[in-house]
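Here, each number is a calculation from the coordinates, and none is a lab measurement. In this text, all values refer to a predicted model and were calculated from it rather than measured experimentally. Ideal geometry is used to build each Cβ from the backbone, glycine not excepted, and the neighbour counts take in all protein chains shown.
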Amino acid sequence: MNTIVIFFSRADENYFGGSMKYVEVGNTEIAVGHITELTGFDSFKLEMVQPYSADYMTCIDEAKAHLRENARPELKDMPDVSGYDNIILAYPNYWGTAPMAVFTFLESADLSGKTIYPLCTNEGSGLGKRFGYKEVHKCR
């Protein structure tokens with residue numbers, strides 16, 4: 001069975017154990033790198049046309065506004081999932097759910113017959129309510 005890892009990750013200024021730190025690669029992308037190195041799976045990074053600010057606090061405000069508005073930010077490109085049976089969907093925890101760009105993908109892609117394995121990363125805000133099978137299924 002063919003598997004692809006589709007992920008959303010944010011670099012720039014991030015929160016790590018009580019302090020801010022600039023990173024060139026986000027935590028989720030680092031995890032995906034390990035997965036693809038070990039498995040040989042293909043990967044695709046979801047990137048927004050209008051990315052969040054590099055400044056952490058501004059990014060928080062922008063992402064929170066997207067959540068409140070139930071926004072579907074436009075993506076630069078969509079992955080072609082037609083040749084894959086399985087999708088590992090990796091994303092950071094944003095207020096107990098996935099970043100809204102992940103929902104843009106879920107609602108835009110033809111996921112018929114695909115098995116989705118969610119992988120949520122977080123720095124310390126807990127896993128919250130994160131979406132599960134019912135929420136992913138509703139996106140089809």
Grab the Cα-Cα distance for Ser108 and Phe16, subtract it from 0.36 nm times how many residues apart they are, and report the gain in nm with one decimal. 29.9 nm
Mind giving me the FRET efficiency for Ala54 and Asp77? R0 is 22 Å, r the Cβ-Cβ distance, nearest 0.05 is fine. 0.55
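Suppose we look only past 20 Å in the calculated P(r) of the chain. What percent of the Cα-Cα pairs does that tail hold? It would help to have the intermediate numbers written out before the result.
Numbers: 4304 of 9730 pairs.
Of the Cα pairs, 44 percent sit more than 20 Å apart.
Per DSSP H run of n ≥ 4, the term is -39500 (n - 2.57); total these for the chain, divide by its residue number, and report the mean residue ellipticity at 222 nm rounded to 500 deg cm²/dmol. Let's see the in-between values first.
Values: 4 runs with 42 residues, N = 140.
That calculation yields -9000 deg cm²/dmol at 222 nm.
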How tilted is helix 56-69 with respect to the longest principal axis of the chain? Cα atoms for both, answer in degrees (0 to 90, nearest 10). 50 degrees
With the contact rule set at Cα under 8 Å and sequence spacing of 6 or more, what percent relative contact order holds for the range 1-108? 37 percent
Taking the chain, how many lysine pairs are there with alpha carbons less than 28 Å apart, if each pair must be eight or more places apart or span two chains? 22
